[in-house]
Amino acid sequence: MSDLLYSEVEEDLRASVRDLLSDKASAEALLARVETAEPYDLKLWRTLAEEVGVAGLAVPEELGGHGASAREVAVVAEELGRSVAPVPFLGSVVLATTALVSASAGGFVRRLAAGQAIGALAVPLSTAPGAGFPSSVTASPEGKLSGRVGTVADASVADLLVVPAAGPDGPGLYVVEAPAATVSELVSFDLTRRVADVVLSDAPAVLVASGPAAAAALENALLFGAGILASEQTGVAEWALTETVRYLKGRYQFGRPVGGFQSLKHRLANLYTDLVLARAAARNAADALATGTDVPIAVAVAQARNAPIAVKATEEAVQLHGGIGMTWEHPAHLYLKRAKADEIALGTPGKHRARLADLVNLPA
C-alpha cells in the first residue's frame, strides 16, 4: 500500500480546483442555475476540462492526456463533491473515458481528453461493478445499434455515447455520436447531476472492443467509477460537516452559541469520526485503482462505507440548520439529494457488501 496522505501535487491540484469552484460555482450561482433550462454549467466545464486539464487527467500521455493516476482524479471528485457543481465529470471523465482507454479507442479518447467532446457511458447509473454485460441494446451485422437505456448520467450534454451492446458475435463496446440517438432528459432527483433515457434505432456506431475485451472495458469503467464516487461522497460529507459547524458557531440561543450545547457537540463529533473513516476508505480505493492492488475489495469497502456516511452527514446538516435548512433558498437540500442519488449510483451499499462477502469468501 502506498502512502494514503495527499501528496504535494495532489494538494496543488486541489487548491486550483477549489479556487475555481469557489469563484464560479458558489451556492448562490448553483441555486440560480439548477432549475433553469440549462442546469449544466458548460462554461465552467470547459474551464475545468481544458484549462485545469481534468478531462485528460488519468489519460496516458501518448493518448493526449496528462498521465496522472486515480489518486488525482479522486482529488478532483472530492472537490466537486464539496461544491456539487453541475458538470459532467462522472459521466465523461470517470466512466466514458475510462471505458475507452480500456478499449484502446485512441481517437475518441483524444477528443475527450482535450475537452473537445463530452462522453457518457450508456448504462443505467445504478449499474454496479460485477453486474454483467447488459443486453438492452443490440447490434446488427452491419454495426447499427437499436435499443433503449434508461437513467444514463450526463447523457443530455454528451457528444459521444459509449454503448455496451450485444452483437452478432457476442458483447461489444460501441461509440455513437450523440445526434444519432434520441436522448430524453428525465426529472432527476439530484438537480445537479441529470439522467436521461437514450433510445437508439439503427444508429450508426463504431465498434471499439468486442468479446472479453468489451466486457473487461465496461467492468474497469464501473469499478473506477464506484471507487472515484467514494471520494465525491467524502467531499459531500465534508461540506455538510463544515457548513454545519460554521452555522452552529454563529447561531445563538440563551446567550450562547448553539454549537456549545453538549448534545450537538456529540453529534458533530460523530460526524467528524465518520468523515475520517470515509476519507480513509476513499483514499484506499483511489490508491488501489492507481496501483492495481485489491481493486474490487477496496472499491466495495469504500462504497459500502461512504454512501451511508454522506447521507447521514447531509441529513444532519439539514436538521441542525433548523428552519433555514428546510428551505429551498439554502443549498443543503442539493447536497442531501446528491448524497441520496450517490447512494444508488453504481451499486447500493447492500450490493457492495454482498460483493465484498463473495470477494473475501465470507459464507452467505
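The values are calculated or read from the model by the stated rules, or taken from the named source; none is laboratory data. Everything numeric in this text was worked out from a predicted model, so none of it was measured. No Cβ is skipped: glycine too gets one built from the backbone with ideal geometry, and neighbour counts run over all protein chains shown. The protein model used for the area step is the full one, side chains on, heavy atoms only, and it has no ligands, DNA or RNA in it. Shrake-Rupley method; radii C 1.70, N 1.55, O 1.52, S 1.80 Å.
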For segment 215-360, what log10 I(q)/I(0) values come out of the Debye formula at q = 0.08, 0.12, 0.15, 0.16 1/Å, with one point per alpha carbon and no solvent?
-> -0.25, -0.52, -0.74, -0.81
Using a 1.4 Å probe, what is the accessible area per residue for segment 121-211, in Å²?
-> 39 Å²
Whole-percent carbon and sulfur share, accessible surface of segment 250-364, 1.4 Å | 60 percent
Given a 1.4 Å probe and every protein chain left where it sits, what share in percent of the accessible area of segment 1-126 is carbon and sulfur?
-> 49 percent
Kindly give Rg over Rh for segment 313-364, based on alpha-carbon atoms, with the Kirkwood expression for the hydrodynamic radius.
-> 1.25
Between the alpha carbon centres of segment 330-351 and segment 93-152 the gap in Å comes to 23 Å
Reference-scaled alpha-carbon Rg (2.2 N^0.38 Å with N residues) for segment 53-172 | 1.08
Along the charge dipole of the chain, which of Leu44, Gly115, His66 sits closest to the positive end, that is, farthest toward it, with unit charges on the beta carbon of Lys, Arg, Asp and Glu (+1, +1, -1, -1)?
-> Leu44
Extent of segment 121-211 along each principal axis, from alpha carbon coordinates, in Å, largest to smallest?
-> 39, 30, 17
In a Gaussian network model over the chain where Cα atoms closer than 10 Å are linked, find which of Asn284, Asn270, Asn306 has the largest mean-square fluctuation.
-> Asn270
Working from Cα positions, state the angle (0 to 90°, nearest 10) between the long axis of helix 332-344 and the longest principal axis of the chain.
-> 40 degrees
Give the total of Lys-Lys pairs in the chain with Cα-Cα distances below 12 Å; include a pair only if its members are 8 or more places apart or on different chains.
-> 4
Where Rh is the Kirkwood radius over Cα pairs, Rg/Rh for the chain | 0.98
Quick one: grab the alpha carbon gyration tensor of segment 251-302, order the square roots of its eigenvalues as a ≥ b ≥ c, and give me rounded if a/c is under 1.5, else prolate or oblate depending on whether a/b is larger than b/c.
-> prolate
Along the positive direction of the dipole of segment 215-360 (beta-carbon charges: Lys, Arg +1; Asp, Glu -1; about the Cα centre), which of Ala282, Thr293, Thr314 reaches farthest?
-> Thr314
